[in-house]
Each structure stands twice: as C-alpha cells, then as structure tokens.
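Working notes, beginning with the structure itself.
The values are calculated or read from the model by the stated rules, or taken from the named source; none is laboratory data. What you see is a predicted model; the values in this text were computed from it and never measured. Using ideal geometry, Cβ is built from the backbone for each residue, glycine included, and neighbour counts are taken over all protein chains shown. What goes into the accessible areas is simple: the full protein's heavy atoms, side chains included, and nothing from ligands, DNA or RNA. Shrake-Rupley method; radii C 1.70, N 1.55, O 1.52, S 1.80 Å.
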Amino acid sequence: MSAAGLVTGLAGQGTAGAAPPGRLPGRVPGPPRADDADWRWLRRHLSPKGRLYRPGEEPFEKLATPWNLRYADHRPAGIVACATAADVQAAVRWARTCGMPLVPRSGGHNYAGYSTTPGLLISLRPMNEIARRGDRLWVCGGATNADVFESGARKTGLYVPGGRCMGVGVAGLTLGGGLGFNDRKWGLTCDRLVETEVVLADGSLVRASRDECSDLFWACRGGAGGNFGINTGFLYDPVDVGRVAATVFEMSFALEEGVKVMRCLQHLLAEDDPEHDLDVRIEFGNPGTGPRGARLAVLGQYLGDKMTLYRRLQPLLRLRPRSCHIGTTGFWAAQKRLSMVSEHEAMTSRSLVPCRWLDDEAVCAIIEWIREWRPGRPGNTGYVTLFAMGGAIADLAPRATAFPHRKATFVMDIGASWDNACPDEVVDGLLAQTRAMHRCLSRLLGTRAAYVNFPDPDLPDWPTAYYGGNYRRLTQVKKRYDPDWVFRYPQGVRPY
Ligand SMILES: Cc1cc2nc3c(=O)[nH]c(=O)nc-3n(C[C@H](O)[C@H](O)[C@H](O)COP(=O)(O)OP(=O)(O)OC[C@H]3O[C@@H](n4cnc5c(N)ncnc54)[C@H](O)[C@@H]3O)c2cc1C
C-alpha cells in the first residue's frame, strides 16, 4: 500500500488509534471469547454517538435481524453501531485483539445472510450523512438508497444511479456492482465511484482511488462487500439531472403472451434504443395463490417524454396488456415511482448472467416453471426477474473493474420467498424448484455466470460464476490488504 493512501490527520478520532489492552493484536478470528472487561473497554472507546449493544439491550434484536429472515437466528455476540470511521477502526482493532469474528453491515439486505456473524456485528447504519463536495457527492458508508434519493431529490439535486429498493445499503450495492433503472444510460453504481475510504484489517484508514491504493479501488467496484475492509465513505461522480425528462411505464400481461412480449422487449433494447434511454425490469411471477395469480409484469423507464415513449411502445401495446400505466413524468417523480420498500422476508435466490438474448425455448421454460409453481403453502412466491443490461454498462471492459459481466444482456434473479414459519419440507420443495429452474436456464443460455449481489450459498463454482477472469486478481488484492483473512464469509474472496 502506498504511504499516500493512508488517510492522515483525522480530526476527532479520540482513542481509535489505541490498541485494546490484554491480548496480542492481529490474531486470526476464532470463536467469540470476549469477557465483560473486554466489552466494557470497547464501549468506553467509542465516540460519544457510537453505541455498543449486547443481547438483551434495546435495540439489539432489531439491529441483529437481517433482511432475509432465513438467517434470522444468526445472532451476534455484540453490535457496535458506529457513528464515525474511528468507531469502525476501534471495533476492528478490538475484535482482532479478542480473536472475535467480525462482519460489517450497512443495509443488511444480503440475500445469503453474509452480514451476520456469531461475533461482532459492525453496523454502519448511523453513518448515513450525504454531502455535496464541489460537483461530487460524498456518501457515508451506512447510507441506504433512500438516504441518497432523499438528499438528491430535496437538497443536492445530484443523482447517483442506484437500486430500486430503498432499504438496500449503498455500500453493499456499490461494492458488488449496483443495478438500477438508469444503469444502461449512466453505468452501474460502482461505475460512478471515484474514491472510497476503507478501514483495513489492521485498523488503519486508507483512501482508495485511481491514484491511491488503485488495486483496492479496482476491487471495490464489483469485488463485493465484506472482502477487503470496511468502507466508511464513498465519493461519487453524480449525474446532473436538472433538465432530464423521465417517464415510467408499468404493464402486465397474461403469461401466455410471454414469448411475444420478450421478443418485443428484446428488440426494443437491442435495436431501437441507440441512446440507451430505455431500461426495463421484467418479472415472471407466481404469488402462490393459485394458477390465476401467475403473471408477467414489465416495469420500465424512458429518459424522454411521454409521447415519444408511447410511440416506441406501440409493438408492446398491440399485445394488449392486462393493465398499463404510462405516465409518471419528471426525473425525481419517476425515481420515486420506481422505488419500493421491501419488508423482511425469508427467501432464496439464484442468479444467471447470460450474454445472449433469450430465445423462445428459454422463455417457454420460464413460463412453464411459473405456471407449474408449487408454493407448498398459500402465499409462497416463485419468480424470475430480468434486469436489462447493456448500454453504458458495456462501455467498460470486463477487466476494467472487478465487475466482470460487461457484455451481459440481462441479470436474471430466480427466486422464491416464503412464510418463515413454514416447515423444512415445504422450504426444501421451494429450494428444489428454484434449483431446477436455474439448472434448466443455465443449460439453455449456456452460462453459469452469477451476480455477486444476488449470492447463492449453494453455488459450487462461485469464484468463476461471480468474478469470471477477475477472481485471481481479487485474491492478490485480498492478500495485500487482508493477508490474515480477517474479513471472511463462506463465499468471500480468499488471500490465496
Ligand atoms: C429487496 C432487495 C432489493 C434489491 N434490489 C437490488 C437492485 O435493484 N439492484 C442491485 O444491484 N441489487 C439489488 N439487491 C441486492 C443488493 O444490492 C445486495 O443485497 C447488497 O449487497 C445489499 O447491500 P446492503 O448494504 O444492504 O447489505 P449488507 O447485508 O449490509 O451487506 C452486504 C455485504 O457487504 C458487506 N458490507 C456491508 N457494509 C459494508 C461496508 N460499509 N464496507 C464493506 N463491506 C460491507 C457485508 O458484510 C455483506 O457481505 C436487492 C436486494 C434486496 C434484498
């Protein structure tokens, strides 16, 4: 690491630089084993607004619960709610000294429960400030899509391409890539990153950008959260959307129209969108309420006016949607319409990232799967969602950042969600169906590539699936910045 990469002169960091007393720093994490005196030490060495919560203390339960309730019984030994980067440094140093596993959490939305731990949960949620720095936007490491949206819409007027779900953390989103309704036009969330501050495994704070710790900066754009350090802040090159027009459209179709709808949409994306003003998300879904509930929904945005969009969508409109809304206009109103809040749920997901368009056979396989969905219990849903790729995403080479899927047509999220009270055999049935759809589409589309932000703990060849040819370089970055493998989880990048 270059000396220039070390952030110096951090004001108000109090005692963060002090090593906790007692044990040797730098020990590889083992089973949690801090005693009361250790916990008291940590509590004393946090900033005035930093907090430590132990089981039984409010709001431990709320903070401990991950978004995916499938992992709700993964309980930490303690939670540090960090208010400053110095709190993060103190927590990392303390955990290492105690030999305690640690994990960072921002929005807590990881599909596979990778922001859970039996050790120390380092929550960055209180660190959600957003500030304009010249023509750049500084976003603290615990901010969510909602925080960035609110600040853009109400204060700064600046937009960073982000995701749809308001509760998702900007940290997890950015570090794994970041898909949204503006990525075809302005790139993935990680493509707008120009600098990030990271607390490393030894507790030091570094700045990573094109000029400083450039290998770490490369890895922070697609190499996934929880791998190289704890990112306490992100500096983005935002889009000035002052004069940008946007129109949202929503349509639903009978499943039987799926093949025609997909032909039409793929033609629109591939042939009829030279400026990449169009973005869509296509969801084949079965809500688990009987065969009549199954449907195909198309949600999209056009960066232009309503009349032009209306003309462009004519081929789709001729397919007689069951419902159709073309209307919300104005950039910020459109982003609000596209946004959603997703309550905690128990779920599984498998993703695929094909580089070819879906032929009729692949679409028929999805339709058949949705139609035949067996929920086990009413209300258990099955879905296949397609996120359109291309445009500005493809402007970068697969090796330019750690995100490798630059030539993809779609990211496909194949999943199921269920009532967490369901017995194991029902859940096993849902997992088996999801696995079968994934296997079938993988064969038909000739790919095993997967999106690291939709992680699947059962994926056997995950390094290649998530990172393609970039995995080797990621292990080198890991070795340099976290040689003792302090930041670890089952599908985490390894230092060898
Ligand atoms: C309802 C829902 C909707 C979604 N929609 C989209 C979407 O539209 N587009 C898209 O691309 N993705 C989407 N995702 C996936 C989402 O991008 C990932 O789950 C993302 O990793 C979540 O980030 P988080 O901070 O909320 O999660 P967390 O669980 O807090 O963190 C995710 C990972 O990053 C690590 N981490 C957290 N904070 C930090 C930090 N500050 N520094 C370093 N590592 C950290 C964690 O340890 C964990 O390994 C969605 C997920 C859900 C559940």
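Considering every residue within the range 373-386, establish whether at least one is in contact (Cβ under 8 Å) with a residue 24 or more places away in the chain, open to solvent by 20 Å² or more (accessible area, probe 1.4 Å) and in contact with a helix residue (DSSP H, G or I) (Cβ under 6 Å, 6 or more places away or on another chain).
The answer is yes, given that some residue of the range 373-386 is in contact (Cβ under 8 Å) with a residue 24 or more places away in the chain, open to solvent by 20 Å² or more (accessible area, probe 1.4 Å) and in contact with a helix residue (DSSP H, G or I) (Cβ under 6 Å, 6 or more places away or on another chain).
Need the failing condition index for ARG356 against (1) crowded, with 23+ Cβ neighbours inside 10 Å; (2) in a loop (DSSP other than H, G, I, E, B), just the number.
Going through (1) crowded, with 23+ Cβ neighbours inside 10 Å; (2) in a loop (DSSP other than H, G, I, E, B) one by one, ARG356 breaks only (1).
Hey, can you tell me all the residues within the range 191-227 that are assigned to a strand (DSSP E or B), without any contact (Cβ under 8 Å) to a residue 60 or more places away in the chain and of a type outside the set (Val, Ile, Thr)?
Matches in the range 191-227: LEU193, GLU195, SER209.
If you check ALA4, ALA18, ALA34, which single one turns out to be more than 14 Å from the ligand (Cβ to nearest atom), modelled with pLDDT under 95 and not in a loop (DSSP other than H, G, I, E, B)?
ALA4 is the lone residue from the list that is more than 14 Å from the ligand (Cβ to nearest atom), modelled with pLDDT under 95 and not in a loop (DSSP other than H, G, I, E, B).
Six or more apart or on different chains, Cβ under 7 Å: which pairs go from a residue in the range 461-488 that's over 18 Å from VAL198 (Cβ atoms) to one that's among the β-branched types (Val, Ile, Thr) and open to solvent by less than 40 Å² (accessible area, probe 1.4 Å)? Could you list them?
Listed by first residue and then by second, the contacts come to TYR466/VAL452.
Among the helices (runs of 4 or more DSSP H) contained in the range 404-496, which hold 3 or more residues that are within 30 Å of ALA72 (Cβ to Cβ) and out of contact with any Leu (no Cβ under 7 Å at 6 or more places or on another chain)?
Where helices (runs of 4 or more DSSP H) fall fully within the range 404-496 and carry at least 3 residues being within 30 Å of ALA72 (Cβ to Cβ) and out of contact with any Leu (no Cβ under 7 Å at 6 or more places or on another chain), they are 424-445, 462-467.
Those residues that are away from the ligand (no atom under 11 Å from the Cβ), over 14 Å from LEU193 (Cβ atoms) and modelled with pLDDT of 95 or more, I need them from the range 218-253; list them, please.
ALA246, THR247, VAL248, PHE249, GLU250, MET251, SER252, PHE253
Can you name every residue in the range 191-217 that is within 19 Å of the chain's Cα centre (by Cα) and more than 15 Å from the ligand (Cβ to nearest atom)?
VAL194 - this is the single residue of the range 191-217 that is within 19 Å of the chain's Cα centre (by Cα) and more than 15 Å from the ligand (Cβ to nearest atom).
Mind listing just one residue for me: the one in the range 420-458 that is hydrophobic (A, V, I, L, M, F, W, C) and closer than 17 Å to ALA408 by Cβ and, of those, nearest to the ligand (Cβ to nearest atom)?
PHE454
Of the numbered conditions (1) in contact (Cβ under 8 Å) with a residue 40 or more places away in the chain; (2) more than 23 Å from the chain's Cα centre (by Cα), ASP428 satisfies every one except a single condition; which is it?
All conditions pass for ASP428, except number (1).
Out of the residues in the range 221-270 that are within 12 Å of LEU316 (Cβ to Cβ) and touching a Phe, Trp or Tyr at 6+ places or on another chain (Cβ under 8 Å), state the one that is surrounded by the most Cβ atoms within 10 Å (Cβ to Cβ).
Applying the filter and picking the extreme gives PHE249.
Select from the range 174-190 the residues that are under 18 Å from PRO104 (Cα atoms), within 8 Å of the ligand (Cβ to nearest atom) and either in a helix (DSSP H, G or I) or over 15 Å from the mean Cα position of the chain (by Cα) (or both) and list them in ascending order.
Answer for the range 174-190, where residues must be under 18 Å from PRO104 (Cα atoms), within 8 Å of the ligand (Cβ to nearest atom) and either in a helix (DSSP H, G or I) or over 15 Å from the mean Cα position of the chain (by Cα) (or both): LEU175, GLY176.
For residues in the range 55-67 being in a loop (DSSP other than H, G, I, E, B) and open to solvent by less than 60 Å² (accessible area, probe 1.4 Å), which is farthest from the ligand (Cβ to nearest atom)?
So, considering only residues that are in a loop (DSSP other than H, G, I, E, B) and open to solvent by less than 60 Å² (accessible area, probe 1.4 Å), the one farthest from the ligand (Cβ to nearest atom) is PRO59.
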